[in-house]
Amino acid sequence: RQVTVQRKEKDFQGMLEYHRDDEALLVRSLVTELRPQALVGAVPCLPAYILYMCVRHADYTNDDAKLHSLLTATINGIKRVIKKHSEDFEVTSFWLANSCRLLHCLKQYSGDEGFMTQNTAKQNEHCLKNFDLTEYRQVLSDLSIHIYQQLIRVAEGVLQPMIVSAMLENESIQGLSGMKPMGYRKRSSSMVDGENSYCLEAVMRQMTTFHTVMGDQGLDPEIILQVFRQLFYMINAVTLNNLLLRKDVCSWSTGMQLRYNISQLEEWLRGRNLQQSGAAQTLEPLIQAAQLLQLKKKTPEDAEAICSLCTALSTQQIVKILNLYTPLNEFEERVTVGFIRTIQAQLQERNDPPQLLLDFKHMFPVVFPFNPSSLTMDSIHIPASLNLEFLSEV
Amino acid sequence: STLRPRPRVLLKAPTLAEMEEMNTSEEEDSP
C-alpha cells in the first residue's frame, strides 16, 4: 500500500532546479536557440535572471561540478550565439545586456557587502551561500567586453557607409548648392551616387533604432552612453579624414552645412538624454574644422583667431585644410602662402603629433559599472513560450 | 532573519579562451 505524504506547498525561494542531463537543453532553449523577439513583453534580461536562479540552486546544493558545468556551458553558448549572429545588432545587444545582467547578479548576490548596499532583506536571502564566483565574474566581464566590441563593429558597419554623404555631401540648407566652389559644382553632384547617398536624417534614424533596441533590451544606461560616444567618435574621425583629403569639400559652404549637421547631431543627443555620454565632445575637431572653413583667412589677426580657436586640430590638419581651401567664386581669394606660414610660425611651439588622419578604428575602453536590480528572484515569471518546463521552482 | 556569514569556497574558473577548448554539454552548431 502506497503512503502518500501530504507536503505543505512551500514558497518559491527564487531558485530553479534541473537534472544534470537537461543542462544542454537549458542552454539551447535559453541561449543558443532563443530569439530576442520571443521575449517581447517579458522582464528585460530574463535569461540572465533564470540562469542566476539555476546558479543559485547549484550553489545551494553545494554542487561545484554542476555549477562549473552550467557556467562553462552558458558562457560558451553565448559565445557561439554571438558568433553565429556576428552581423546582427539586435542579437548582439541582447546578449550584451544579458551577459552584463548575469555579471551584476553574481555581484549583487555574492554576499560581498560592497555589492549589497541597495539590496532589500529579501534580496539578501537570495545570496550565494557556498561558492565565491569571483573568477567567473572575471570571465563574464571579459565576455561582455568581447560582445561590446562586436556591437560597436556592427553599428559602425551600418553607419560608416552613410557618414561621408550625410555629413559632407548632402545639402539640406536651402540655396547652398549654388555656392559650391568654382569648378566643383557638377563634379560633386555627380560624385554622389543615388544608391550610396544618405542624408543626415537617415543616420539619425538609424541611431534612434540602435538606441531603442538597446533600451528595450535592458542594456545598462551607462553602456548605452559609451556606445554613442564611440559612434560619435567614428563619425567625427571619418568625416574629418575625408575633409582632409578632398579639395571639393574644403569650402565655405561645406563649412556652413557641416556646422548645421553637427548641431543636428547635438540636438539628437539632447533629445535622447545622452548629453552626459561625452559624445558631443568627440565632435570638437569637426566643429573647429567647420569654423576654420568659415573664418576669414587673410590678416595676422585672422591667423591669431584661427590659432586660438583650433585647439582640437593639429597644426598639420589646420595647414592641410588651409591648403585645400577652395574659394567659392572669383571674388573670394585663395589662402596665401604667407598666411599659412604665419599660422605655422604661431603653432610651432605646440609640438603636435605629425600624423594627419585620425584613427577611425580607435576604441575607447569600455567599463561596466555595477548596476544592481530592484527585482526579486521569487517575483520572476517564466513564460511558457520558453519551453523550460523541466526547470522546477524551489 | 540574520545572515550567518560563512566563508565561501572560491570556484576556480578557466579563462574565456581556455573555456572554448573545454567540452561542454551543448552540442556544436552545424555549419
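Bear in mind these aren't lab numbers, they're just calculated from the coordinates by the rules spelled out. Keep in mind the model is a prediction, meaning the values are calculated, not measured. Cβ atoms come from the backbone with ideal geometry, glycine included; neighbour counts cover every protein chain shown.
Computed values, structure above
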quantity	calculated
Within segment A:325-389, GluC sites (Glu not before Pro) in DSSP loop having at most 13 other beta-carbon neighbours inside 10 Å	A:GLU330, A:GLU333, A:GLU389
Per-residue average of Cβ from other chains inside 10 Å of A:131-140	4
Fraction of the pair-distance distribution of the protein assembly as shown above 40 Å, Cα-Cα pairs, percent	36
Burial ordering of A:CYS250, A:CYS199, fewest other beta-carbon atoms within 10 Å first	A:CYS199, A:CYS250
Shielding by partners, peptide A:66-73 (average Cβ within 10 angstrom, other chains)	4
Simple Cβ-charge dipole of chain A, Lys/Arg +1 and Asp/Glu -1, about Cα centre, in debye nearest 20	680
Helix-derived mean residue ellipticity, 222 nm - over chain A, DSSP H n ≥ 4, -39500 (n - 2.57), to 500	-17000 deg cm²/dmol
Restraint check, A:LYS122/B:LYS12; A:LYS296/A:LYS320; A:LYS107/A:LYS129; A:LYS84/A:LYS361; A:LYS66/B:LYS12; A:LYS84/A:LYS107, Cα-Cα greater than 21 Å	A:LYS122/B:LYS12; A:LYS84/A:LYS361; A:LYS84/A:LYS107
Given charges at Cβ of Lys, Arg, Asp, Glu: chain A dipole, positive-most of A:THR336, A:TRP252, A:THR134	A:THR336
Lys, Arg +1 and Asp, Glu -1 on Cβ, resulting dipole of segment A:256-394 about Cα centre, debye, nearest 20	520
Listed residues A:THR254, A:THR92, A:THR120, most fluctuating in chain A (Gaussian network, C-alpha, under 10 Å)	A:THR120
Residue of A:ALA38, A:ALA289, A:ALA73 that the Gaussian network model of chain A assigns the largest fluctuation, springs spanning Cα pairs under 10 Å	A:ALA38
Chain A: angle of helix A:46-60 to the longest principal axis, Cα-based, in degrees nearest 10	40
Average Cα contact separation per residue, chain A, under 8 Å, 6 or more apart, as relative contact order %	23
For A:ARG101, A:ARG153, A:ARG56, order by how many other beta-carbon atoms lie within 10 Å, fewest first	A:ARG153, A:ARG56, A:ARG101
Among A:GLN257, A:GLN217, A:GLN118: highest mean-square fluctuation, GNM of chain A, C-alpha pairs under 10 Å	A:GLN118
Ranked list, fewest to most other Cβ atoms within 10 Å of each Cβ, for A:HIS85, A:HIS381	A:HIS381, A:HIS85
Within segment A:293-394, trypsin sites (Lys or Arg not before Pro) in DSSP loop having at most 15 other beta-carbon neighbours inside 10 Å	A:LYS296, A:LYS298, A:ARG334, A:LYS361
Three-way shape call for segment A:203-348 based on the alpha-carbon gyration tensor, with the a/c threshold at 1.5	prolate
